[in-house]
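The values are calculated or read from the model by the stated rules, or taken from the named source; none is laboratory data. This is a predicted model, so every value here is computed, not measured. All Cβ positions, glycine included, derive from the backbone under ideal geometry; neighbour counts span all protein chains shown. Note: accessible area is taken over every heavy atom of the protein model, side chains too, but ligands, DNA and RNA are not part of it. Shrake-Rupley method; radii C 1.70, N 1.55, O 1.52, S 1.80 Å.
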Amino acid sequence: MSDGARRLLPRFLPLTPALALLLLFLAGPIAYCVLIAFTDLQLTGQAEESFVGLENFRRAFGDEDFLNAVWLTVVFTVLSSLVGQNTLGLALASLMRRASKPVRTLTGGIVVTAWVLPEVVAGFLLYAFFRREGTLNAVLDLLHLPSQNWLYTLPILAVSFANVWRGTAFSMLVYSAALDEIPKEITEAAEVDGAGGWRRMWHITLPMIRRSIGTNLMLNTLQTLSVFGLIWVMTRGGPGGKSQTLPLFMYEQAFQNSLIGYGTAVALLLLLVGSLFSLVYLRLLRTEV
């Protein structure tokens, strides 16, 4: 063993338990999923599985329900994560910097409470809000405005709003920390030069927190792509698949239709989508260093 390797060995030894756990509980299951995605494994009615190659993937891209789930996943991710949580989180963080301490405490407590609620509990709360006899329609009736069954007519918008309500706190905390790092001298100088609020936001604030924006977008996107319990509790992907995103489609194929091989292939495609998003965000962050 060379002298360099001997010097590096003590540095890597403390990492050995963590690496072993990652291999056992992360790399191992992923490798097993890759294996069964190329088989016709089923939960019931099958003596033994057989290797089918790329058949599960060809079936997915020829399945209209899968393509519909892909489209709804894109809509759900863009509306609730890229636009909703990101924009609202930045707006709340900016407004809370100018608010009094009691207002900051109250607003932060309300927003963070929605974030720490279990996903199933949040789903039931938003179901009660959007259902036909729910809170939203009660308020609309009180104002003599037309009401409707939001979970039936606009299910993907309803679950997107629910995800915004539940996940905005994370963006708010990220942007609050990023805004606190901006030197007050810079913003005060711009204000003295006559720059308005929007110009300061566009030319000073956003460029100085762009790395935080990229990190927040990456984490929010990955979290939103994996949302299952919230949508399942509110709509179960219905009606007629109008709110069935990829996680729900994968669950339906694997555990309701007993097609484990096909459902695992869909899960790998979802993992690939998340990996591509991560690579794009990491590349953008790297170019800014």
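Counting only protein heavy atoms and a 1.4 Å probe, tell me what percentage of the stretch 53-283's accessible area is made up of carbon and sulfur. On the stretch 53-283, the fraction of accessible area on carbon and sulfur atoms equals 67 percent. Averaged over its residues, the stretch 53-283 has an accessible area of 53 Å² per residue, based on protein heavy atoms and a 1.4 Å probe. Between the stretch 158-226 and the stretch 6-85, the C-alpha centres lie 32 angstrom from each other. In terms of the mean number of neighbouring beta-carbon atoms within 10 Å, the peptides 167-173, 208-214 order highest first as 167-173, 208-214. 3J(HN,Hα) along the stretch 189-197: 5, 5, 5, 5, 6, x, 6, x, x Hz, from the Karplus curve 6.51 cos²θ - 1.76 cosθ + 1.60 with θ = phi - 60°, whole Hz, x for Gly and Pro. Listed values for the stretch 217-227 are Karplus-derived 3J(HN,Hα) couplings in whole Hz (6.51 cos²θ - 1.76 cosθ + 1.60, θ = phi - 60°), namely 4, 4, 5, 5, 4, 5, 5, 5, 4, 9, 5, and x replaces Gly and Pro. Applying 1/(1 + (r/R0)^6) with r as the Cβ-Cβ distance of SER226 and VAL192 and R0 = 41 angstrom yields a FRET efficiency of 0.30. Dividing the mean sequence gap of close Cα pairs (under 8 Å, 6+ apart) by how many residues the chain holds gives a relative contact order of 29 percent. A cut-off of 5 Å between modelled amide H atoms, ignoring neighbours fewer than 5 places along the same chain, links THR39 with VAL52.
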